[in-house]
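Please read the structure below before turning to the comments.
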Amino acid sequence: MLKKISFTVNGKALSLEIDIRESLLEVLRTRLGFTGVKKGCGVGECGACTVLIDGTPIDSCIYLAVWAEGKSITTIEGVASKDGELSKVQQAFVEEGAIQCGFCTPGLVLTTTALAESGKEYTREELKRELSGHFCRCTGYNNILKAAEKSLKPEEHQCACGHHGEK
Amino acid sequence: MYNIKGYLDACTVSEAIELLAQNPNLRIIAGGTDVLIKMQHGQFQEAELLSIRTLESMADIKKLEDGTMIIGALATFSQIFNDPIIQAEIPALAEAAVSMGGPQIRNIATIGGNICNGATSADSASTLFALNASLRLESKTGARLVPIREFYLGPGKVDLKPGEILTEFRVAPEDYRGFGGHYIKFAARKAMDIATLGVSVMCKVAAKTLTEVRIGLGVAGPTPLRCVEAEEFAKGQEISKDTLAQIGKLAVKSTNARTSWRASKEYREHLVEELVQRALKTAIVRAGGEELA
Ligand SMILES: Cc1cc2nc3c(=O)[nH]c(=O)nc-3n(C[C@H](O)[C@H](O)[C@H](O)COP(=O)(O)OP(=O)(O)OC[C@H]3O[C@@H](n4cnc5c(N)ncnc54)[C@H](O)[C@@H]3O)c2cc1C
Ligand code: FES
Ligand code: FES
């Protein structure tokens, strides 16, 4: 059974016929080519397939594509600016060496982006809790946590006066 | 691809009920975190799904004028954890909500699905048991209110009749006001794990006495349960280490734990005895009692 849905992916409005049996993961990866959405476990355990739906992280492997009707979806491809400049969160992951093979990275960057955009403050324990839906097989979680903490720090004040970091 | 044969979206509760009455083979899907996993394991073949996820009226959390708390069946675990009314009035339920799954699962899994799925490990169940929550079930022939203790019939089996839909949970004011509560989820991992044991305790204290204690357990038997014997003993007892020890021992009597790959029966019983005491200690403080050394 086919169904027509309209939604936006990374700011671009799309309309397409999808099979009701498809997961959002399948539509994003195979139909639309957003291969930054990774398939790890396929059963909601690992977080590799995380995307933001109206700003909220969800596992796209256990989200039916029909549910995307009217939603605004962000994948990792939509995080950097159009001219390729990395977002603050991406930059923090690079600087903290929070990446090895990179398989878990798109999901972690997206969840961290949602946390940063919430404007809330998180303790270290709360951050661990908020990132606990992502498995990383490579780096260990320390650098990832550091990167997330860096991403959530308020912008440092930078101006010609030379008082770098002071407000 | 999921093994789905048909898919319908209900726009209103009455439409959902009408569709269910017309086609008893329809399977309700809310967050889908149990349904879709079961499909992948081949448990449901060629499913005909009725999605209720857009029924916004069923996602509300509110307090009625008479103090009754209403928790919509479609409220997600993230929503419950972040809800200011739940945090203020029933913090133990917020604790239970945030102990469940991981953030992406909590963002989509619903409390209604958690209970209708019928698992003894459901993280919201023991607290809803301790709260004497009741379930509002609607069908074409009308609505009925069922106490949660009567809703569970056996492992994975609940008293949801064909054509029925769970619309909301209700907690009466006398079942949460004045109580202090605490939920402990015991699992091998801190996150993204199914409970080895879930313990939810609610209590009321006056001076140095326990005036009421309620103990809800998950994974201590084929369904969630209450420790009635321990609760009756506790009423009117002076708060002391000895009282708590006795309550812990009596709690084990209500259980029917079994050995699974997660833990042996003996280990689970030991956990019941120990964790009931720990949860009660915290609940006492939250109910305004003094901390036991
Ligand atoms: C990775 C992962 C981790 C998990 N971790 C936990 C955990 O830590 N603790 C825990 O308790 N659970 C856990 N679960 C299980 C699951 O997420 C929960 O049980 C969840 O609350 C189910 O809600 P849902 O909305 O997704 O239900 P669905 O899958 O949509 O539905 C579940 C069942 O309830 C029925 N149903 C749903 N809503 C209604 C309604 N309103 N009226 C009538 N019938 C209805 C459906 O027909 C189905 O039989 C986990 C699942 C996954 C995939
Ligand atoms: S692939 Fe979706 S959570 Fe693992
Ligand atoms: S960097 Fe390899 S899985 Fe995380």
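How about the range B:24-37: which of its residues are out of contact with any Cys (no Cβ under 9 Å at 6 or more places or on another chain), more than 16 Å from ligand 2 (Cβ to nearest atom) and at pLDDT 95 or above? Steps first, answer last, please.
Quick first cut of the range B:24-37, residues out of contact with any Cys (no Cβ under 9 Å at 6 or more places or on another chain) only: B:24-27, B:29, B:31-33, B:35, B:37.
Checking which are more than 16 Å from ligand 2 (Cβ to nearest atom) leaves us with B:24-27, B:29.
Those that are out of contact with any Cys (no Cβ under 9 Å at 6 or more places or on another chain), more than 16 Å from ligand 2 (Cβ to nearest atom) and at pLDDT 95 or above: B:Leu26, B:Arg27, B:Ile29.
Here are B:Ala88, B:Ala92: which of them is in contact with a helix residue (DSSP H, G or I) (Cβ under 9 Å, 6 or more places away or on another chain), in a helix (DSSP H, G or I) and either more than 16 Å from ligand 3 (Cβ to nearest atom) or basic (Lys, Arg) (or both)? Working first, answer last.
Values: B:Ala88 fails: in contact with a helix residue (DSSP H, G or I) (Cβ under 9 Å, 6 or more places away or on another chain).
So the residue among B:Ala88, B:Ala92 that is in contact with a helix residue (DSSP H, G or I) (Cβ under 9 Å, 6 or more places away or on another chain), in a helix (DSSP H, G or I) and either more than 16 Å from ligand 3 (Cβ to nearest atom) or basic (Lys, Arg) (or both) is B:Ala92.
How many residues does the range B:204-233 hold that are free of Cβ contacts under 8 Å to residues at least 60 places away in the same chain and of a type in the set (S, T, N, Q)?
2
Of all residues in the range A:8-64, count the ones that are of a type in the set (S, T, N, Q), out of contact with any strand residue (DSSP E or B) (no Cβ under 6 Å at 6 or more places or on another chain), more than 9 Å from chain B (Cβ to nearest Cβ) and not in a loop (DSSP other than H, G, I, E, B).
Residues that pass the stated criteria total 1.
Taking B:Arg189 and the conditions (1) surrounded by fewer than 22 Cβ atoms within 10 Å (Cβ to Cβ); (2) more than 27 Å from B:Leu292 (Cα to Cα); (3) away from chain A (no Cβ under 14 Å), which numbered condition does it fall short on, given that it satisfies the others?
It fails just one condition, (3).
Output yes when any residue across the range B:236-249 is within 14 Å of chain A (Cβ to nearest Cβ) and more than 16 Å from ligand 2 (Cβ to nearest atom), and no when none is.
Looking for residues that are within 14 Å of chain A (Cβ to nearest Cβ) and more than 16 Å from ligand 2 (Cβ to nearest atom), one finds none in the range B:236-249, hence no.
In the range A:26-73, which residue that is surrounded by fewer than 22 Cβ atoms within 10 Å (Cβ to Cβ) and among the hydroxyl-bearing types (Ser, Thr, Tyr) is nearest to the chain's Cα centre (by Cα)?
Ranking the qualifying residues of the range A:26-73, first place goes to A:Thr56.
Please state which one of B:Arg226, B:Arg214 is over 21 Å from B:Ala88 (Cα atoms), among the basic types (Lys, Arg) and buried (at least 16 other Cβ atoms within 10 Å of the Cβ).
After ruling out the rest, the residue left standing is B:Arg226.
Which ones in the range A:65-85 are outside any helix (DSSP H, G or I) and either at the interface with chain B (Cβ under 9 Å from one of its Cβ atoms) or touching a Pro at 6+ places or on another chain (Cβ under 8 Å) (or both)?
Within the range A:65-85, A:Glu69, A:Thr75 meet the criteria.
With respect to the numbered conditions (1) within 10 Å of ligand 2 (Cβ to nearest atom); (2) surrounded by fewer than 15 Cβ atoms within 10 Å (Cβ to Cβ), which one is the sole condition not fulfilled by A:Ser15?
Failed condition: (1).
Which members of the range A:105-150 meet the condition of being assigned to a loop (DSSP other than H, G, I, E, B), within 16 Å of ligand 2 (Cβ to nearest atom) and closer than 19 Å to A:Gly55 by Cα?
A:Leu131, A:Ser132, A:Gly133, A:His134
Residue by residue through the range B:234-293, note down the ones that are over 23 Å from B:Pro91 (Cβ atoms), hydrophobic (A, V, I, L, M, F, W, C), touching a residue at least 24 places away in the same chain (Cβ under 8 Å) and in a helix (DSSP H, G or I).
B:Ala245 - this is the single residue of the range B:234-293 that is over 23 Å from B:Pro91 (Cβ atoms), hydrophobic (A, V, I, L, M, F, W, C), touching a residue at least 24 places away in the same chain (Cβ under 8 Å) and in a helix (DSSP H, G or I).
Would you call A:Lys88 more than 13 Å from chain B (Cβ to nearest Cβ), surrounded by fewer than 22 Cβ atoms within 10 Å (Cβ to Cβ) and more than 16 Å from ligand 3 (Cβ to nearest atom)?
It is true that A:Lys88 is more than 13 Å from chain B (Cβ to nearest Cβ), surrounded by fewer than 22 Cβ atoms within 10 Å (Cβ to Cβ) and more than 16 Å from ligand 3 (Cβ to nearest atom).
For B:Pro91, are the conditions met, namely being closer than 24 Å to B:Phe179 by Cβ and either more than 14 Å from chain A (Cβ to nearest Cβ) or of a type in the set (A, V, I, L, M) (or both)?
Spelling it out, B:Pro91 is indeed closer than 24 Å to B:Phe179 by Cβ and either more than 14 Å from chain A (Cβ to nearest Cβ) or of a type in the set (A, V, I, L, M) (or both).
Give me the residue from the range B:187-218 that is β-branched (Val, Ile, Thr) and at pLDDT 95 or above and, out of that set, nearest to the chain's Cα centre (by Cα). Show your work before the answer.
First pass over the range B:187-218, keeping only residues β-branched (Val, Ile, Thr): B:194, B:196, B:199, B:201, B:205, B:209, B:211, B:213, B:215.
Subsequent filtering for residues that are at pLDDT 95 or above retains B:199, B:201, B:205, B:209, B:211, B:213, B:215.
On the way: B:Val199: 11, B:Val201: 12, B:Val205: 24, B:Thr209: 28, B:Thr211: 24, B:Val213: 18, B:Ile215: 13 Å.
Looking at residues that are β-branched (Val, Ile, Thr) and at pLDDT 95 or above, I get B:Val199.
The values are calculated or read from the model by the stated rules, or taken from the named source; none is laboratory data. Remember, predicted model here, so these are calculated numbers, not experimental data. So basically every Cβ, Gly included, is an ideal-geometry build from the backbone, and we count neighbours across all protein chains shown.
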